[in-house]
Amino acid sequence: MRGLLIYERSEIARNQRFISFWMRESRAHGVPIALLCVEDMAFGLRDNQPFCTVQGAPVQGDFAIMRVRMPLLSRHLERMGLRVFNCARTSEILNDKRRTHDLFSDTAPMMDTAFIDGDMPCPFAYPVVVKGAGGCGGRQVRLCEDEAAYRAAIGEFAFHAVVQPLCDTPGRDLRVYMLGTQVVQGMLRMSDQADFRSNFGLHHRAAPADVPPEAQRIAREVAARLDSALIGVDFIYDHGRLLLNEAEDAVGTRMLYELTSLDIVGMYMDFILSSLA
């Protein structure tokens, strides 16, 4: 058995610790895992059959751990017979926030949400939050106080976005880490008053937190519908309620290693090997 750990080149250096944990698990389980840079990969069809190469050599493996958000590549590797974690369907849905909100609208309460696909008007009173449909880590999120800011934001995101009214408790959310349908850990994320976003990757604060029963139910249903492996399910606070905000594919785990004693890579490796058994 052989695994592939796939990253973008720009992400490898800042994720060296996480990568080293995978190499540790590779040695501990006697399962080789090769680190691949997606920029070195070529994939497509030859004689109507899928192929994938790395620097000209055929890719060989039984499973792939995707740390890139490339649903097309995930689907392609699945066609080649690899098990992909997270699977292509999870990646396709979670990397388009419009599809995420649409799929789970019957599962959980959420903020009113407009799906932007083109130069569409804003249906809500300002201020609103505009999020790039394929954004992650809080990097494609803008707070818009007026029409000019809204137009600039949707243009920046190539007119593929979601738009929501600003909740009454900005800068605070609850991330629930899920491994399959198991609730692994809740993390409360908090920003300073200068930023309405709460992402840990933007150098804001976080702390372990209990996950209320209703949030556990919602997170489990999200994971079950997606048939996902490791994801983060995020909730925001509005008028005393927890609302489903989004779910994250290829979710970051820095909070878990810095603020808890959990070994999420070890848990993930056990999950993968159990799934392949």
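The values are calculated or read from the model by the stated rules, or taken from the named source; none is laboratory data. Predicted, not measured: the structure shown is a model, and the values here were computed from it. Using ideal geometry, Cβ is built from the backbone for each residue, glycine included, and neighbour counts are taken over all protein chains shown.
Could you please find all residues in segment 26-52 being farther than 30 Å from Arg99 by Cα and in contact with an Asp or Glu (Cβ under 9 Å, 6 or more places away or on another chain)? Correct list: His29, Val31, Ile33. Only one entry in Ile231, Ile264, Ile236 is surrounded by 22 or more Cβ atoms within 10 Å (Cβ to Cβ) and out of contact with any Cys (no Cβ under 9 Å at 6 or more places or on another chain), namely Ile231. Restricted to segment 124-146, and to residues that are assigned to a strand (DSSP E or B) and among the hydrophobic types (A, V, I, L, M, F, W, C), which residue is nearest to the chain's Cα centre (by Cα)? Taking the candidates together, the pick is Val141. Restricting Ala149, Ala161, Ala153 to those that are buried (at least 20 other Cβ atoms within 10 Å of the Cβ), touching a strand residue (DSSP E or B) at 6+ places or on another chain (Cβ under 8 Å) and not in a strand (DSSP E or B) reduces the list to Ala153. Gly171 meets the conditions (1) closer than 30 Å to Gly118 by Cβ; (2) modelled with pLDDT under 95 in every case but one. The failed one is (1). Among the residues of segment 237-277, those identified as part of a strand (DSSP E or B), of a type outside the set (S, T, N, Q) and closer than 15 Å to Thr100 by Cα are Leu243, Leu244, Glu246, Ala247, Glu248. (1) without any contact (Cβ under 8 Å) to a residue 24 or more places away in the chain; (2) basic (Lys, Arg); (3) crowded, with 20+ Cβ neighbours inside 10 Å: which one isn't true of Arg67, the others all being true? Answer for Arg67: the failing condition is (1). Of the residues making up segment 124-138, at least one is among the charged types (D, E, K, R), in contact (Cβ under 8 Å) with a residue 12 or more places away in the chain and either at positive phi or surrounded by 22 or more Cβ atoms within 10 Å (Cβ to Cβ) (or both). Residue count for segment 140-160 satisfying the condition of being under 21 Å from Tyr237 (Cα atoms) and either touching a residue at least 60 places away in the same chain (Cβ under 8 Å) or hydrophobic (A, V, I, L, M, F, W, C) (or both): 3. What are the pairs with Cβ atoms under 9 angstrom where one residue, in segment 229-245, is among the hydroxyl-bearing types (Ser, Thr, Tyr) and the other, located anywhere, is surrounded by fewer than 22 Cβ atoms within 10 Å (Cβ to Cβ) and part of a strand (DSSP E or B)? Sequence gap at least six, or different chains. From residues that are among the hydroxyl-bearing types (Ser, Thr, Tyr), the pairs are Tyr237/Arg172; Tyr237/Leu243. Residues that are closer than 15 Å to Pro208 by Cα and free of Cβ contacts under 8 Å to residues at least 12 places away in the same chain within segment 251-276 comprise Glu258, Ser261, listed in sequence order.
Restricting to segment 1-14, name every residue that is crowded, with 18+ Cβ neighbours inside 10 Å and in a helix (DSSP H, G or I). Correct list: empty.
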